[in-house]
1. Would region B:38-61 turn up any residue that is touching a Pro at 6+ places or on another chain (Cβ under 6 Å), assigned to a loop (DSSP other than H, G, I, E, B), open to solvent by 50 Å² or more (accessible area, probe 1.4 Å) and of a type outside the set (Gly, Ala, Ser)?
2. Confirm whether A:Ile374 is modelled with pLDDT of 90 or more and either outside the structural domain of A:Tyr284 (by TED's automatic domain parsing) or surrounded by fewer than 14 Cβ atoms within 10 Å (Cβ to Cβ) (or both).
3. Can you spot a residue in region A:230-248 that is surrounded by fewer than 21 Cβ atoms within 10 Å (Cβ to Cβ) and either closer than 21 Å to A:Ile401 by Cβ or within 14 Å of chain B (Cβ to nearest Cβ) (or both)?
4. Step by step: first the residues of region A:249-269, then only those that are assigned to a loop (DSSP other than H, G, I, E, B) and of a type in the set (A, V, I, L, M, F, W, C), then the one that is surrounded by the most Cβ atoms within 10 Å (Cβ to Cβ). Which residue is that?
5. Could you list, ordered by first residue, the pairs with Cβ atoms under 9 Å in which the first is in region B:229-258 and within 17 Å of B:Ser30 (Cβ to Cβ) and the second is among the small types (Gly, Ala, Ser), at least 6 apart or interchain?
6. List pairs: first residue in region A:345-357 and closer than 17 Å to A:Glu317 by Cβ, second residue of a type in the set (A, V, I, L, M, F, W, C) and surrounded by 13 or more Cβ atoms within 10 Å (Cβ to Cβ) anywhere in the structure, Cβ distance under 6 angstrom, at least six positions apart or on different chains.
7. Could you identify the single residue in A:Ile414, A:Ile374, A:Ile401 that is more than 11 Å from chain B (Cβ to nearest Cβ) and more than 23 Å from the chain's Cα centre (by Cα)?
8. Need pairs with beta-carbon distance below 7 Å; first residue touching a residue at least 24 places away in the same chain (Cβ under 8 Å) and within region B:134-152, second surrounded by 17 or more Cβ atoms within 10 Å (Cβ to Cβ) and outside any helix (DSSP H, G or I); sequence gap 6+ or separate chains.
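The values are calculated or read from the model by the stated rules, or taken from the named source; none is laboratory data. These numbers come from a predicted model, not from an experiment. No Cβ is skipped: glycine too gets one built from the backbone with ideal geometry, and neighbour counts run over all protein chains shown. Just the protein is used for accessible areas: all its heavy atoms, side chains included, with ligands, DNA and RNA removed. Shrake-Rupley method; radii C 1.70, N 1.55, O 1.52, S 1.80 Å.
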Amino acid sequence: MKIWLEEIKTVFKECDDFFLQHDYLYNQPVILFGLSTLIDIPQTKKLIEINLNMPKYSLQEVIDHHLVKVAREQNNIIDAILEGKIILYIPDFEKYMIMEVISKSLNRSIELPTNENVIQDALDSFIEDIDTNIGIIRKHFRTKFLITKVISTGIEQEKKIALLGLEAHVNQNLMRKIETQLKEKHDQEIHNAQSLVKTLGFSAWDIVPKYKSTEIPTEVIASLKKGKVVLIIDDFPFALIFPNFLWDMFTTENERNLPIPLMLFIRVLRVIGVIVATLMPGLYVALVSVNPEVLQLELGLSIAQSREGVPYPALVEVLMMLVILELILEASVRLPKSIGPTLTMVGGIILGQAIISAKLVSNLLTIVVAGTTIANATVVGIQNHLMLRLLKYVIVILAAIYGVLGIIVGTVLICAYFASINVYGISYLDYQVSKDESNNG
Amino acid sequence: MDRSMFVSISYFLTHLGLIFFMYPTDIIASTDEAYWIPITLGIIIHFIFLSIYMKGLSYFPRKNIIMIYLSHGKIIAWIFLLPVAIYLIMIIIITIRSYSEIITIVFLSNTPLWAIMFLLVLVATYLSSRGLDSILRSSLLLAILFLPLTLFVCFVSFQNVDWRYIFPLTTNDFRFITKPSYLMSYFSIGGVFLFIGFIQPLFTYKPKKILYTVLLLVPFWIISVYIPILTFGNSTVPHFYFPFVEAVDSIDINWLMFDRVTVFFLLSLITFIILFLSLILWMFMQIITTCIPKFRPNYLLILISFISFVCCLFIPDWKDVEDLFLINSPFRFFCLLIVPPSLLILGIRSKRKEKLENG
């Protein structure tokens, strides 16, 4: 047992925050060790004294009755240290005890969601700590039917993944498959959603996300009730909901607090937004350069007039504007909040006025591009937003070659692509997760 | 898994795609008056043989027609599947060629024909490589996106109708039955229904729902012929290549920002045609992969698509397309009139056998 201590010391020999203190408990010499960056040491020592100070019993009895957790293996100790526990070593008994500690507060508090907006609904959002996240869900959803399975993966860095489902609602098949997949590949390191998707056996090249990510607990609870499976991963401030459906692009949970007509109105707006965002630039290219005869004569003429003096083909014009806009969008994400508004202003002036007076692009195109960007923002979820931003280029390029036919064929291609996406047999185009036939619970 | 809805939708869409182009031309060319008689005859034949086909299939639960024929010996399989396969591959080539031609005529006069054919082949290949489930599911999306537009155009196409052109309603002239153009019209009647026989082991469907779908299609068969007749009169119409397209072209809607409604109508139909092509390609692949199981299906699919594309390139003009339609007719009637009864007979025989074996 003495060897263990030496080995542990060698494991942590490069860690300056590893501490080892000698102390007395019940008049016995003890050694305390752990990582000082994770533990509030003075408070923890106080706690240990209070907890183990049971005058009726001797220290030997306290240990024998398992009033404290005794480590049986060296690896347990290392894991426990990394998790931020303190280890109490009693040389006389040669016992290692893993003690709960008062940890340094390294988590942020529960705050408003930062990546999603909620109107008239619970305003809390997930944080980085997995236990807190599950706790938030439990608080919002007091039921004994919530299944929570915690699986650890990774060798170099162990990562806890919690699998949540609702008994009697959850698609058992899906739950089982995700669970076995994670358990089988328990040696895979999961650092990000990409590696998770790979671990689950999907292609990481699909632009349609297999999961819906959200930081809003009410959204998670609604999905649980619909029979979906929710993954909460340690250090991820959002939950991943499997499977993701096309329809999820148009719906959020908090609009269910509105009257039904208003809810439908919002959803129809989003559908229009998606169609406009994907088709508008393509339609511009097609109508200007390939099929102008489709338009009514007056409209065709006015479009031609607005393009007067523009020196290059519609495709180049559109691509140029779209790329500039993408750059602005990306730049406004990167910049600190204090400089952000400057960028929008500069971008607005350049795109709005200067580029037109310089006759680099037509008036109409500015309207089209602005409309596209605004429409694109109506969609729910940042991943869907990005996906649509990418998909519109497929349509633009096809439209430049084949005109209106290209737009339509592009739409068919996208539909076909959507139709072929599935998560363990549950299609992206499904509306709801069906309960597994074998499960009638 | 019950996929009746998806099967019905794809059945509906693919037929719509086939109906509005060649069907009116062929029917109008086959007779001068009382067009409803050839139309009704076609619909009745379709309905009866579809029922027989599904009845025959119902004797073999969880089997597609390839499995059924193979289970009755290799010779029977060859006799029945070879013409079906030839029919399918011919249909693929003819459809790609003819619809590309239609696209060039109607709205892409500057784009070379091969480019359009390439696009059609590419998309159909992609769709069919994704399997039946994807095809059926995308048919739902396509229906949501494009069906309202199609129905809208069908509705407004009554704008210029003169009901007096509907007469005469009767005729004693039944020579149309033997006319080649009438035989060609069966392209849009017996074109798709074979695919019902291919879905079985993968999915299930309710035959009744398919029959209801056929009933829903009946008005479109009639509209497609009668709208041009009622718009232009029966002495003008025979001069048009695509009478229904001309009739739609004559629509004038002021409040729509687009001048030619036709383009969008045609484009919706083209999407349905792509669906049709991918279905046919998929069916053909089913047969081929059973014959040559060694190759990877996706490579084979690419090869077949490439071959059909090359074949399309070798068809110089519309006249040859029409000739091909005619050459294709015997195979079409084989699929329409012989395959369904053969399945029924095989079904009844195997059932009797079962009864005898069970005592």
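1. The answer is no; no qualifying residue exists.
2. Against the criterion (modelled with pLDDT of 90 or more and either outside the structural domain of A:Tyr284 (by TED's automatic domain parsing) or surrounded by fewer than 14 Cβ atoms within 10 Å (Cβ to Cβ) (or both)), A:Ile374 qualifies.
3. So far as region A:230-248 goes, yes, one or more of its residues are surrounded by fewer than 21 Cβ atoms within 10 Å (Cβ to Cβ) and either closer than 21 Å to A:Ile401 by Cβ or within 14 Å of chain B (Cβ to nearest Cβ) (or both).
4. Going through the qualifying residues, I end up with A:Phe250.
5. Pairs found: B:Ile229/B:Ala247; B:Val237/B:Ala247; B:Pro238/B:Ala29; B:Phe240/B:Ala247; B:Pro243/B:Ser224; B:Phe244/B:Ser157; B:Phe244/B:Ser224.
6. A:Ile355/A:Val361
7. After ruling out the rest, the residue left standing is A:Ile374.
8. Matching pairs, first to second residue: B:Leu136/B:Arg3; B:Arg137/A:Ser427; B:Arg137/A:Leu429; B:Leu140/A:Leu429.
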